[in-house]
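Please read the structure below before turning to the comments.
Bear in mind that the values in this text are calculations on the coordinates, not laboratory data. Note that the structure is a prediction, hence the values are computed from the model and not measured. Cβ placement follows ideal geometry from the backbone for every residue including glycine, while neighbour counts extend to all protein chains displayed.
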Amino acid sequence: MDISVTKHDAVAVITWNEGENRINFDSLARINEIFDELEKEEGPLAIVLTGTGKFFCNGLDLARFGNNPTELSATVQELQRTIGRILVSLRTQLQLLMVTPMQVVHLSLVPLISA
């Protein structure tokens, strides 16, 4: 699985470099493994999730599931868990922003899933 993370000061860039970057159980496991590592970081940290090539993500890996149909259910459950994890983290950060006196220069919420 070619999903890597590089850190630039307080910014972690997760790069998905699998060609069409299709969602399957292994790709989600790797992304969650990186999230686990980043949660251990001290201090503020921005996370950028990006993909190389033509697609950020080309959706579910249907060809792979055709060869292994039992993996589909596990992958969908892991996808739901991953999206939930991102949303809970985002909610927590937004709550902190609301109670912390500071000026927000820019807050950008980009879609996590595209149709």
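In which sequence would K40, K54 go, from the one with the fewest C-beta neighbours within 10 Å to the one with the most? List each step's numbers first, then the result.
Numbers: K40 6, K54 9.
By the 10 Å Cβ count, ascending, the order reads K40, K54.
Which value in Å is the Kirkwood Rh of segment 22-71 over different Cα pairs? List each step's numbers first, then the result.
Numbers: mean 1/r = 0.0774 Å⁻¹.
Hydrodynamic radius (Kirkwood, Cα pairs) of segment 22-71 is 12.9 Å.
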Inset, instruction - Return the sequence-ordered ³J(HN,Hα) values of segment 64-69 in whole Hz as given by the Karplus equation 6.51 cos²θ - 1.76 cosθ + 1.60 applied to θ = phi - 60°, using x for Gly and Pro. - result: 5, 5, x, 7, 8, x
Legend entry - Quarter of Cα convex hull surface for segment 3-99, i.e. mean projection, nm²: 6.8
